[in-house]
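The values are calculated or read from the model by the stated rules, or taken from the named source; none is laboratory data. All values derive from a computational prediction rather than experimental measurement. FYI the Cβ positions are ideal-geometry reconstructions off the backbone, even for glycines, and counts take in every protein chain you see. Just the protein is used for accessible areas: all its heavy atoms, side chains included, with ligands, DNA and RNA removed. Shrake-Rupley method; radii C 1.70, N 1.55, O 1.52, S 1.80 Å.
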Amino acid sequence: MAVQSDVIDDAGPYDRAKALSAFKLGDVTFYWITRLSAISVLLILGGIIVSLIVGAFPAMKEYGFSFLWTQRWAPSADPPVLGALGPMYGTLVTSFIAMLIAIPVGLGIAIFLTELCPQWLRRPIGMAIELLAGIPSIIYGMWGFFVLGPFLANTFQPFMIRIFDGVPVLGAIFAGPPSYLSTFNAALILAIMVLPFITSISVDVFKTVPPVLKEAAYGVGCTTWEVVRSVVIPYTRVGIIGGVMLALGRALGETMAVTFIIGNSFRISSSIFAPGTTISAAIASEFAESDGLHQSGLILLGLLLFVLTFFVLAAARLMLMRLDKKAGK
Amino acid sequence: MNFLKTIVAAGLVAASATAAFAADITGAGATFPFPIYSKWADAYKKETGNGLNYQSIGSGGGIKQIQAKTVTFGASDAPLKAEQLEKDGLVQWPMVMGAIVPVVNLEGVKPGEMVFDGETLASIYLGKITKWDDAAIKKLNPNVKLPSEAITVVRRSDGSGTTFNFTNYLAKASADWKSKVGEGTAVEWPVGVGAKGNEGVSGNISQTKNSIGYVEYAYAKQNKLTYTGLVNKAGKPVQPTVEAFQAAASNADWAKAPGYYVILTDQPGEKSWPITAATFILMHKDATDKAASQEAIKFFRWAFKSGGKAAEELDYIPMPEGVVTLIEKTWAAEIKS
């Protein structure tokens, strides 16, 4: 014992300063490493934007803003006529339908899992959701092609046409000859693909609701529905919207499965059962064999998708801020 | 044990010899001939010890790579025009052929039972003919029972040499197609759903009733699709057979075409299949790496001489002998050693 205390005494103030400086060095290194990692994100993002702009420049110069509202996509014409309206429309419509289906279903699953589900059922459902997220997108594409496509074309679409025949807007939406490959098929597959994002994030944030809050609500006589509506969802709103945005980002950019089943037609059709295309599907299809202005046009499409995603996310942030203001935070 | 040692030793010697003497040939380009190029490369390596590295990156990529001199040879399904070859100092020749066939999925119709002509095919792909029992189709197929159903038109969604040759044929056969759509690896399709790759079109056709599409002959054959006959330039209906494909190649006027710029669609001759396509090789006349370029020529010579059977096994069509003789002359005259 004595020996040890001697050593400590001897070490005294000198080693203390050394140890402190070593700590400081560690801190500074840590600070810079994390800072550099954070900055690298900005650099990478900037690099991507710059290379997209450089690649897209010839097409930007050639078509200008008319690129945005031209529907014709004729890479073999002389000179090529390229317009982004078809793919942009397809991207927005498929994502919109996908979110329309996935948000209520995803939230429903999450609420059931956290608030209502008997304990023994939680694990199987939870694992099924995780599995859904792990399936490669091409498998979804194949399933959409071989299973969902025939069902939609032979059963679902004739049924919808019969119901909405003659109804002004809805009639046109469901009209057209049955086709395995359609905008609606792609949208349905997208809905299934983004479902796990919404569900698992919602489950995670629902679990963060302090039990005291819920118990208090139950204590004053609230029903489960009232607790979910007035306590759980308001408390976790930011998290839910985050999950929805992540899902929307995936839906906007999903490529492989969509290319497989959307039918890759640049024409805009009023019917959701007609083939269409999305920005990422168009790029994936045509990039390998493209050159010159055609390739530049495809890169410009990529840049558009980038900008589109940026605006969608920005709009979501804005919406969130306004919601917060309303809530008086 | 001794035996095993000998083998290992022999293997090592062979390996080091290959590494020391063989210049590996590199090539890049079209995806359509990839299976046969890799099969040839395999057999050639076994025979001579010289390897070939072919990357199927697409015809456009092949042209870009050879222009940038990053590969010994480039491969393209669409030939370059003579002026372009001159500008880049390239030599071009056809290496092997394939054919494109229309395929249909109609109940009760067997392979080869139906026949189309270019005009009718163009009208279907333009969306002018929408039903199977249209008068134009009926007239060509008086003995086939055609349903009064809508035609589902299937085409390629990805840019491809197959599409280039198909649209080139339609443009030659129909003035309307030429003015409205034109030809190219990716065109502005008026109607139809786009599927990825030959396998995507095959899959779509076999899945969808009352559909029509176009695929490489090999895909139609291997997937047992219902291919159809075509009426050729001479006005004769022909079936897709190796003889018909070779007839198209033989009847093409290779000798008078500068840079072998011949697109094999709609060739004359009573037996010619109208949508035949050659895939081309591109090389520099005065390559920086002469040894590699000579190695490549040796490989191509070998492929012409002993690769025919392998090609036929994979449903490709070897170049006719007359054309090969012409190509040998071109090599001797234009490629510097």
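Looking across the range A:241-260, the residues that are part of a helix (DSSP H, G or I) and within 14 Å of chain B (Cβ to nearest Cβ) come down to A:Met256, A:Ala257, A:Val258, A:Thr259, A:Phe260.
Hey, among A:Thr236, A:Thr277, A:Thr255, which residue is open to solvent by 10 Å² or more (accessible area, probe 1.4 Å) and either of a type in the set (Ser, Thr, Tyr) or over 21 Å from the mean Cα position of the chain (by Cα) (or both)? It is A:Thr255. Taking residues in the range B:191-208 that are at the interface with chain A (Cβ under 7 Å from one of its Cβ atoms) and of a type in the set (Ser, Thr, Tyr), and partners anywhere that are part of a helix (DSSP H, G or I) and open to solvent by 20 Å² or more (accessible area, probe 1.4 Å), the pairs with Cβ atoms closer than 9 Å and at least 6 places apart or on different chains are B:Thr208/A:Pro150. Of A:Leu293, A:Leu298, all but one fail to be on the phi < 0 side of the Ramachandran plot and either more than 14 Å from chain B (Cβ to nearest Cβ) or open to solvent by 30 Å² or more (accessible area, probe 1.4 Å) (or both); the exception is A:Leu293.
Need a quick list: helices (runs of 4 or more DSSP H) entirely within the range A:99-209 having at least 2 residues that are closer than 23 Å to A:Pro87 by Cα and either open to solvent by less than 40 Å² (accessible area, probe 1.4 Å) or without any contact (Cβ under 8 Å) to a residue 24 or more places away in the chain (or both).
In the range A:99-209, the matching helices (runs of 4 or more DSSP H) lie at A:137-143, A:168-174, A:183-206.
Of all residue pairs spaced 6 or more apart or on separate chains, those with beta-carbon atoms under 8 Å, a first member in the range B:245-263 that is open to solvent by less than 60 Å² (accessible area, probe 1.4 Å) and a second member that is charged (D, E, K, R) and assigned to a loop (DSSP other than H, G, I, E, B) are B:Ala247/B:Lys271; B:Gly259/B:Lys81; B:Val262/B:Asp253.
Results for (1) open to solvent by 30 Å² or more (accessible area, probe 1.4 Å); (2) outside the structural domain of B:Asn251 (by the TED database); (3) without any contact (Cβ under 8 Å) to a residue 40 or more places away in the chain; (4) in a helix (DSSP H, G or I), shown as yes or no for each residue.
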position: B:Asp286; (1), (2), (3), (4): yes, yes, no, no
position: B:Gln294; (1), (2), (3), (4): yes, yes, no, yes
position: B:Arg301; (1), (2), (3), (4): yes, yes, yes, yes
position: B:Phe304; (1), (2), (3), (4): yes, yes, yes, yes
position: B:Gly322; (1), (2), (3), (4): yes, yes, no, yes
position: B:Thr325; (1), (2), (3), (4): yes, yes, yes, yes
position: B:Glu328; (1), (2), (3), (4): yes, yes, yes, yes
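When B:Thr185, B:Thr228, B:Thr163 are checked against the criterion of being within 12 Å of another protein chain (Cβ to nearest Cβ), open to solvent by less than 20 Å² (accessible area, probe 1.4 Å) and either of a type outside the set (Phe, Trp, Tyr) or under 20 Å from the mean Cα position of the chain (by Cα) (or both), B:Thr163 stands alone in meeting it.
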